[in-house]
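**Q** This is the structure I have questions about; it appears just below.
The values are calculated or read from the model by the stated rules, or taken from the named source; none is laboratory data. Everything quoted here is computed from the prediction, not taken from an experiment. Every residue, glycine as well, gets a Cβ built from its backbone with ideal geometry; the counts of neighbours run over all protein chains shown. Remember, those area values only see protein heavy atoms, side chains included, never the ligands or the DNA or RNA. Shrake-Rupley method; radii C 1.70, N 1.55, O 1.52, S 1.80 Å.
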Amino acid sequence: MNLDILEQLGLDQKEISLYLALLKLGTASIRDIAAEADINRGTTYETLKAMAGKGIVSYFPKGKRRVFCAEPPEKLLDLAEEKKQFLEQGIEEMKHTLIPQLNHLKPDFNSGNVRFYEGDSGIEFVLKDILHTVEKQEQRSYSVFSSKPIREHLYRPFPNYTQQRIRKKIDVKVIAIGDGGEDAELSERKWIETSDKIDASYIAIYPPKVAMISLASKDYPVAVVIDSNEIARTQQIIFDTLWNTL
């Protein structure tokens, strides 16, 4: 029997042991319950009082003593429902009140607004951040500058990135530097032709963030993510202006 879920409901090991003991015994005295659960009588009494407060144990007088009994196991489901409602209310309060209030405590810009990532795992994190950030916006779209040499390395750690983007109904506009690049659903692409050597680079503009990905030596991917509305808006203006001229 897997009882781990009971701990997630807020019951500790002593409470679980005592509840199981009571189910076996039916109505019982503190002495008999303590013996069955192998817990000392003082701890048993205090724990049973706490369990009564949670509504999973009840007691009544019998002569000069108190006897206890376990509430039906279905009561545990009631606890789970109460906890679920409490968490749902807490999540809504965090979304609409606590998180905005905490964000107001942050300075407009500090070193924490710039984050560095490296390797395939770092690039995967950045790509997931793009999808996660954009899917929460009213207009699900972002813009990209992308050069040919980066493409074979970009989606290596996240090969189904495009499929996930499409499933989330996210649009993307891409200005491709150099030839190549595949057409895909919910994407538009324009090209800048050049005869000069092209370095590997990828810049994603997804306000309030801008992600810049390139290759270090031996094709080792590195990325910088800047979390700044001002920088993202400026980059978006540059992108939109160039897009309209192509």
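**Q** I need to check one value: relative contact order of the chain, counting alpha carbon pairs closer than 8 Å and at least 6 residues apart, in percent.
**A** After rounding, I find 15 percent.
**Q** How much of the accessible area of the range 154-234, in percent, comes from carbon and sulfur atoms when a 1.4 Å probe is used?
**A** In the range 154-234, the share of accessible area belonging to carbon and sulfur is 51 percent.
**Q** Then there is this: Computed over the Cα atoms, what is the radius of gyration of the range 60-134 divided by 2.2 N^0.38 Å, N being its residue count?
**A** Computed over Cα atoms of the range 60-134, the ratio equals 2.14.
**Q** Also, I was wondering about something else. For the range 202-246, just say rounded, prolate or oblate: build the C-alpha gyration tensor, square-root its eigenvalues into a ≥ b ≥ c, call rounded for a/c under 1.5, and beyond that prolate if a/b exceeds b/c, oblate if not.
**A** Since a/c reaches 1.5 but b/c is at least a/b, the shape of the range 202-246 is classed as oblate.
**Q** Can you give me the % of accessible surface on the range 54-152 that is carbon or sulfur? Probe 1.4 Å, all protein chains present, nothing else counted.
**A** So the carbon and sulfur contribution to the accessible surface is 55 percent.
**Q** In addition: For Leu23 and Ser217, what does the FRET efficiency come to when R0 = 51 Å and r is the distance between their Cβ atoms, rounded to the nearest 0.05?
**A** For R0 = 51 Å, the calculated efficiency reads 0.20.
**Q** Starting from the Cα of Asp78, move 7 Å in the Cα-to-Cβ direction to define the label point; list residues of the range 38-63 whose amide nitrogen is under 15 Å from there.
**A** The answer is 51-59, whose backbone nitrogens lie closer than 15 Å to the label point.
**Q** I've got another one for you. Could you give the length gained on full extension between Lys148 and Val224, defined as 0.36 nm per residue of separation minus the Cα-Cα distance, in nm?
**A** Stretched out fully, the Lys148 to Val224 stretch lengthens by 25.4 nm.
**Q** Any of Lys14/Lys62; Lys169/Lys197; Lys148/Lys169; Lys24/Lys49; Lys54/Lys128; Lys95/Lys148 with alpha carbons more than 30 Å apart? Name them for me.
**A** Pairs exceeding the cut-off: Lys169/Lys197; Lys54/Lys128; Lys95/Lys148.
**Q** Something else about it: If you take the beta carbon distance between Leu87 and Arg140 as r and set R0 to 22 Å, what does 1/(1 + (r/R0)^6) give as a FRET efficiency, to the nearest 0.05?
**A** 0.20
**Q** Lys128 to Lys64: FRET efficiency via 1/(1 + (r/R0)^6), r the Cβ-Cβ distance, R0 45 Å, to the nearest 0.05?
**A** With R0 = 45 Å, the Cβ-Cβ based efficiency is 0.10.
**Q** Given the convex hull of the Cα atoms of the chain, what is a quarter of its surface area in nm²?
**A** About 20.7 nm², averaged over all directions.
**Q** Let me ask something additional. Using the Kirkwood radius over Cα pairs, work out the Stokes-Einstein diffusion coefficient for the range 1-58 at 20 °C and 1.002 mPa s, in µm²/s as a whole number.
**A** In µm²/s, the coefficient is 189.
**Q** Sticking with this structure for a sec: Label the range 140-246 by shape, choosing from rounded, prolate and oblate, from the square roots a ≥ b ≥ c of the eigenvalues of the Cα gyration tensor; if a/c is under 1.5 it is rounded, and otherwise prolate applies when a/b is larger than b/c, oblate when it is not.
**A** In terms of gyration-tensor shape, rounded.
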